[in-house]
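As structure tokens, the structure follows; a few thoughts come after it.
The values are calculated or read from the model by the stated rules, or taken from the named source; none is laboratory data. The structure displayed is predicted, hence computed values, not measured ones. Cβ atoms come from the backbone with ideal geometry, glycine included; neighbour counts cover every protein chain shown.
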Amino acid sequence: MEPFVQNSGSPALFSLKPWTDRFSEITAGFTGRTGGAGSSPYESLNCALHVGDIPEDVIKNRKTIAEILGFTLEDWTCGEQVHGAEIAVVTADDKGRGSLDRTSAFADTDGLLTDVPGVLLTSFYADCVPLFFFDPVSGAVGLAHAGWKGTVAEIALAMVLRMETVYGSRKENIRAAIGPSIGGCCYEVDDFVMNRVRGLEDSLVQEQESAEGLYRPSTAHYGKMMLNLKELNRRIMIKAGILPTHIECTTWCTSCNHDLFFSYRKENGVTGRMASWIGIKES
């Protein structure tokens with residue numbers, strides 16, 4: 001069953017229902033592209049300040065989303081993503097970094113982690129893979145932004161290790177989720193990318209028996225491959241020690257469903273960005 005379920009109202013929000021239904025202390029999900037203040041070509045629920053949209057419209061969208069979730073714009077916290085594997089631990093003093101401008105965001109950061117109630121962690125996407133993490137024992141929550149570079153840098157593994165180090169999390173307790181992103185149906189890559197993917201293959205296949213499902217030859221362009229980033233990240237999570245039964249994985253493809261989501265590839269690079277979010281509610 002699809003874990004990311006769209007709301008019936010506006011703006012378009014996709015809640016991570018298996019978590020939010022079971023764990024009342026958190027909120028987690030992913031935004032769509034409709035029901036916001038932005039105008040073409042960023043219409044309309046663009047959540048990112050770096051794409052060329054009118055900043056006031058972006059901030060209005062962020063404020064609306066935060067308030068629907070029971071937070072405020074001052075709780076919205078984010079990083080300046082660079083397709084790396086750097087993870088920032090967010091303290092109470094960091095609340096709100098990046099909410100109004102890019103300069104105050106965590107620099108060169110693609111992962112965020114906190115156990116502080118009232119902090120709303122966010123990151124931004126238009127085909128890359130949003131990764132969600134939650135330890136119901138320690139109370140820690142995290143987000144990671146995984147394009148192909150962050151994926152092969154194993155940001156999912158880095159997040160699990162950081163949760164262990166900072167919060168004493170145990171692998172068997174950690175829940176993870178993989179959100180809406182471009183699917184293996186649409187993500188065509190060249191040898192440059194595949195050579196990096198194959199560098200991981202031995203560790204993933206050795207433990208999980210087969211490379212089937214990770215990639216297949218493109219039928220459109222000779223020599224290209226269709227890469228399943230979602231499955232690659234799922235296997236890295238398992239390699240990190242997360243139980244397969246504790247991993248939720250979406251069926252949404254952002255390229256196939258560009259009426260619902262922004263897609264960098266489908267829209268030739270000129271488009272808005274969705275936001276993933278996770279936060280611990282204040283009592």
Review point. Among the residues of region 203-221, is any crowded, with 22+ Cβ neighbours inside 10 Å, under 22 Å from Thr251 (Cβ atoms), under 14 Å from the mean Cα position of the chain (by Cα) and of a type outside the set (Lys, Arg)?
Key: no
Review point. Does Ala88 satisfy the criteria of being part of a strand (DSSP E or B) and free of Cβ contacts under 8 Å to residues at least 60 places away in the same chain?
Key: yes
**Study point:** Hits in region 153-194 (condition: under 19 Å from the mean Cα position of the chain (by Cα) and without any contact (Cβ under 8 Å) to a residue 60 or more places away in the chain)
**Key:** Met163, Gly184
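Take Val197 and tell me if it is touching a helix residue (DSSP H, G or I) at 6+ places or on another chain (Cβ under 7 Å), among the hydrophobic types (A, V, I, L, M, F, W, C) and over 27 Å from Leu16 (Cβ atoms).
Working: touching a helix residue (DSSP H, G or I) at 6+ places or on another chain (Cβ under 7 Å): yes; among the hydrophobic types (A, V, I, L, M, F, W, C): yes; over 27 Å from Leu16 (Cβ atoms): no.
Judged against the criteria, Val197 is not a match.
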Practice item. Can you confirm whether region 268-279 contains a residue that is among the polar types (S, T, N, Q), at pLDDT below 95 and farther than 30 Å from Gly118 by Cα? Key: yes
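For the condition closer than 19 Å to Asp127 by Cβ and either acidic (Asp, Glu) or touching a Cys at 6+ places or on another chain (Cβ under 7 Å) (or both), what is the one hit in Lys230, Lys224?
On the way: Lys224 fails: either acidic (Asp, Glu) or touching a Cys at 6+ places or on another chain (Cβ under 7 Å) (or both).
Checking each option against the conditions leaves just Lys230.
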Revision key, fill the gap. When region 233-283 is checked residue by residue, the ones that are aliphatic (A, V, I, L, M) and under 18 Å from Pro180 (Cα atoms) are Ile236, Met237, Ile247, Leu260, Met274, Ala275, Ile278
Study note, to complete from the structure: Residues of region 1-45 being under 13 Å from Phe262 (Cβ atoms), out of contact with any helix residue (DSSP H, G or I) (no Cβ under 9 Å at 6 or more places or on another chain) and assigned to a loop (DSSP other than H, G, I, E, B), in sequence order, are Ala12, Gly32, Arg33, Thr34, Ser40, Pro41, Glu43
Point to revise | Candidates Thr245, Thr251 - the one that is part of a helix (DSSP H, G or I), at pLDDT 95 or above and loosely packed, with under 14 Cβ neighbours inside 10 Å | key: Thr245
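Each row is one residue, and each column tells you yes or no for (1) of a type in the set (A, V, I, L, M, F, W, C); (2) in contact (Cβ under 8 Å) with a residue 40 or more places away in the chain; (3) under 17 Å from Gly269 (Cα atoms).
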| site | (1), (2), (3) |
| --- | --- |
| Leu45 | yes, yes, yes |
| Ile59 | yes, yes, no |
| Glu67 | no, no, no |
| Thr72 | no, no, no |
| Thr77 | no, yes, no |
Check your understanding: Quick check: is even one residue across region 144-154 crowded, with 24+ Cβ neighbours inside 10 Å, of a type in the set (Ser, Thr, Tyr), within 29 Å of Ala107 (Cα to Cα) and modelled with pLDDT of 95 or more?
Key -> yes
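Considering region 46-72 alone, what residues qualify as being part of a helix (DSSP H, G or I) and farther than 15 Å from Ser99 by Cα?
First, pick out the residues of region 46-72 that are part of a helix (DSSP H, G or I): 55-68.
Residue satisfying the conditions is Ile68 alone.
Kindly indicate whether Lys171 is of a type outside the set (Phe, Trp, Tyr) and under 16 Å from Gly79 (Cβ atoms). I'd like the intermediate steps shown before the answer.
Details: of a type outside the set (Phe, Trp, Tyr): yes; under 16 Å from Gly79 (Cβ atoms): no.
No, not satisfied.
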Review point. What's the number of the condition Pro11 fails, among (1) farther than 15 Å from Thr254 by Cα; (2) surrounded by 20 or more Cβ atoms within 10 Å (Cβ to Cβ)?
Key: (2)
Check your understanding: How many of the residues in region 258-283 are touching a Ser or Thr at 6+ places or on another chain (Cβ under 8 Å), of a type in the set (S, T, N, Q) and either in a loop (DSSP other than H, G, I, E, B) or over 22 Å from Trp19 (Cα atoms) (or both)?
Key -> 2
Exercise for review: Kindly provide the set of residues from region 222-242 that are more than 24 Å from Pro3 (Cβ to Cβ), modelled with pLDDT of 95 or more and either touching a helix residue (DSSP H, G or I) at 6+ places or on another chain (Cβ under 8 Å) or buried (at least 18 other Cβ atoms within 10 Å of the Cβ) (or both), ordered by number.
Suggested key: Met225
Check your understanding: Checking Gly52 against (1) within 16 Å of the chain's Cα centre (by Cα); (2) on the phi > 0 side of the Ramachandran plot, which single condition isn't satisfied?
Key -> (1)
Check your understanding: Thr114 versus (1) closer than 24 Å to Val160 by Cβ; (2) within 13 Å of the chain's Cα centre (by Cα); (3) crowded, with 22+ Cβ neighbours inside 10 Å: which is the lone unmet condition?
Key -> (2)
